[in-house]
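Encoded as structure tokens, the structure appears first; notes follow it.
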Amino acid sequence: MSLMSWGMHPKVKSTVLVFDKTQTLKKIIDEHDELIPYGNGRSYGDSALSTNIINVKPKDYFIAFNEKTGLLHVQAGVLLSEILESFVSRGWFLKVSPGTKLITIGGAIASDIHGKNHHIEGCFSECVKEFLITIADGRTLTCSKEATPELFKATCGGQGLTGVILEAKIYLKKINSQYIDQTTIRTENLRETFEAFEACKQKPYSVAWIDCLAKGEKLGKCLLMTGDFRSDGKLDYKKKKKRNIPFNFPSFALNNLSVRAFNWLYYRKIKEKISQQRVDIDTFFYPLDAIGHWNRIYGKSGLTQYQFILPKATSYEGLKEILSVISKSGKGSFLAVLKLHGKANDNYLSFPLEGYSLALDFKIERGIFDLLSKLDEIVVKYEGRIYLCKDVRVTKDVFEKGYPQVETFRRFRRENKMDEKFQSLQSKRVGI
Ligand SMILES: Cc1cc2nc3c(=O)[nH]c(=O)nc-3n(C[C@H](O)[C@H](O)[C@H](O)COP(=O)(O)OP(=O)(O)OC[C@H]3O[C@@H](n4cnc5c(N)ncnc54)[C@H](O)[C@@H]3O)c2cc1C
């Protein structure tokens, strides 16, 4: 069947394989090459695409929960949204959550995802006690940081290239409200944006929306949102109805003018320089999930997300240069999300390092990949890296320069014959 991820590009013909028990999975692995696990397809590019896809989403049972420690045991196809629907009303939330709740636990581990609190809580792997994984020789192993450190470090962030995660035990975090006290700060330029982030770095959650078409003195102006959970005991979390985009928009609908108009309006949504609001979990953490299939706004040729991170020491200069190139190109992005990150962990391919990351959504159109190649050069110059789970086009050379542990990852795969079985379009392109 024809398969794609969230960016809707590329669309590839794949055989979709499903399994009921571990013996069936072992047989699938024995009999096929060019395999890759597939969760809920919320990666943007080609990290979950290959000739043969192992569909893990149907594995969606809750297995156990310990009320005292917050340790939750689930199958790997469980969505974060399903955890929230069962646990927020009982006073528990995810320690680390991305900007969508529509991803599987397997996908969260394989991308070692981060949230708005990376500077405090780190990546998803930090809340993983252990997971069960079937590897290339058909063995199913329990993997933890302490007992099997190499497999742990290669799998968390390893984009499905070490095997199929079947179950995981993760720690949840105690909350006493489903509401967050949000402070929004409006800044006038990049210098103010950085100062605001640094002034708020003790806040548990922070994220900024940047107007990436602003130029000159206004370059880097943003709305910075910070927040923390309230303690009012209101835990009445309910699944909300969402609106759907029913079809792909015509490609002319999204252009420089519509992005400029959106940015103008969005930036003015708060009247004062600082404003306070009480918002619920979905509004604060998952605003995009309110609109089903929002990717269709980009038209049938799809979109790509470009997310890079720069070390703190080079973040300001690097971002200034990148934002200047983007605003000159006129190719705007509605979504330009800036985040502060804390220390890197020691997983071989996890994305975050101490510094700032920027994520930008671009419509796939003529000239866009040339623009992104120009941005790559600046990312490399400032010693940054590109996030694999968003990527669909980065070259081997640019990728390798950003990930100093790539050779260790390759060696581990070779020694365990994982490279002969698990491959995605992306892994072939970047040579991992
Ligand atoms: C709107 C939106 C917002 C996002 N915000 C963030 C964010 O804030 N922070 C962030 O870090 N990411 C973010 N992401 C990216 C997303 O969290 C990751 O791409 C995640 O890996 C997707 O999970 P999935 O279940 O959809 O997996 P898929 O997209 O299906 O697969 C992603 C990768 O995980 C592997 N994989 C999936 N399941 C398994 C398994 N059971 N065993 C082994 N490997 C597996 C696949 O092989 C693939 O390499 C966002 C994505 C979207 C669409």
Filter pass, THR314 being closer than 30 Å to GLY402 by Cβ, surrounded by 19 or more Cβ atoms within 10 Å (Cβ to Cβ) and among the hydroxyl-bearing types (Ser, Thr, Tyr): no
Residues of the stretch 138-149 satisfying the condition of being more than 12 Å from the ligand (Cβ to nearest atom), free of Cβ contacts under 8 Å to residues at least 40 places away in the same chain and either touching a helix residue (DSSP H, G or I) at 6+ places or on another chain (Cβ under 7 Å) or not in a loop (DSSP other than H, G, I, E, B) (or both): LEU141, THR142, SER144, LYS145, PRO149
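Where in the stretch 309-417 are there helices (runs of 4 or more DSSP H), lying wholly inside it, with at least 3 residues that are of a type in the set (Asp, Glu)? Talk me through it step by step, then tell me what you get.
On the way: elements: 312-329, 368-381, 396-402, 406-415.
Ranges flagged: 368-381.
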Residue that is within 13 Å of the ligand (Cβ to nearest atom), modelled with pLDDT of 95 or more, among the basic types (Lys, Arg) and open to solvent by 30 Å² or more (accessible area, probe 1.4 Å), where the choices are LYS390, LYS343: LYS390
The stretch 150-167: number of residues that are more than 9 Å from the ligand (Cβ to nearest atom), under 20 Å from TYR38 (Cβ atoms) and open to solvent by less than 10 Å² (accessible area, probe 1.4 Å): 3
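One line per residue, one yes/no per condition, for (1) more than 21 Å from LYS13 (Cβ to Cβ); (2) crowded, with 23+ Cβ neighbours inside 10 Å; (3) free of Cβ contacts under 8 Å to residues at least 60 places away in the same chain:
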residue	(1), (2), (3)
GLY41	no, no, yes
ASP46	no, yes, no
LYS57	no, no, yes
ILE63	yes, no, no
ASN66	yes, no, yes
HIS73	yes, no, no
ALA76	yes, yes, no
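Within the stretch 129-142, is even one residue within 25 Å of ARG385 (Cα to Cα) and surrounded by 19 or more Cβ atoms within 10 Å (Cβ to Cβ)?
We begin by selecting, within the stretch 129-142, every residue within 25 Å of ARG385 (Cα to Cα); these are none.
Within the stretch 129-142, none of the residues are within 25 Å of ARG385 (Cα to Cα) and surrounded by 19 or more Cβ atoms within 10 Å (Cβ to Cβ).
For the stretch 348-366, give me the residue count where each residue is of a type in the set (S, T, N, Q) and away from the ligand (no atom under 13 Å from the Cβ).
Going residue by residue through the stretch 348-366, those that are of a type in the set (S, T, N, Q) are 350, 357.
With the extra rule that they be away from the ligand (no atom under 13 Å from the Cβ), the set shrinks to none.
The total comes to 0.
Are there helices (runs of 4 or more DSSP H) fully within the stretch 1-112 with at least 3 residues that are within 26 Å of LYS240 (Cα to Cα)? List them.
Details: elements: 22-31, 80-87, 105-110.
Counting at least 3 such residues, we get 80-87, 105-110.
The values are calculated or read from the model by the stated rules, or taken from the named source; none is laboratory data. On a predicted model such as this, the values are computed, not experimentally measured, just so you know. With ideal geometry, Cβ positions are generated from the backbone for all residues, glycine too; neighbour counts draw on all protein chains shown. When the accessible area is computed, the model is the full protein with side chains, heavy atoms only, and any ligands, DNA or RNA have been set aside. Shrake-Rupley method; radii C 1.70, N 1.55, O 1.52, S 1.80 Å.
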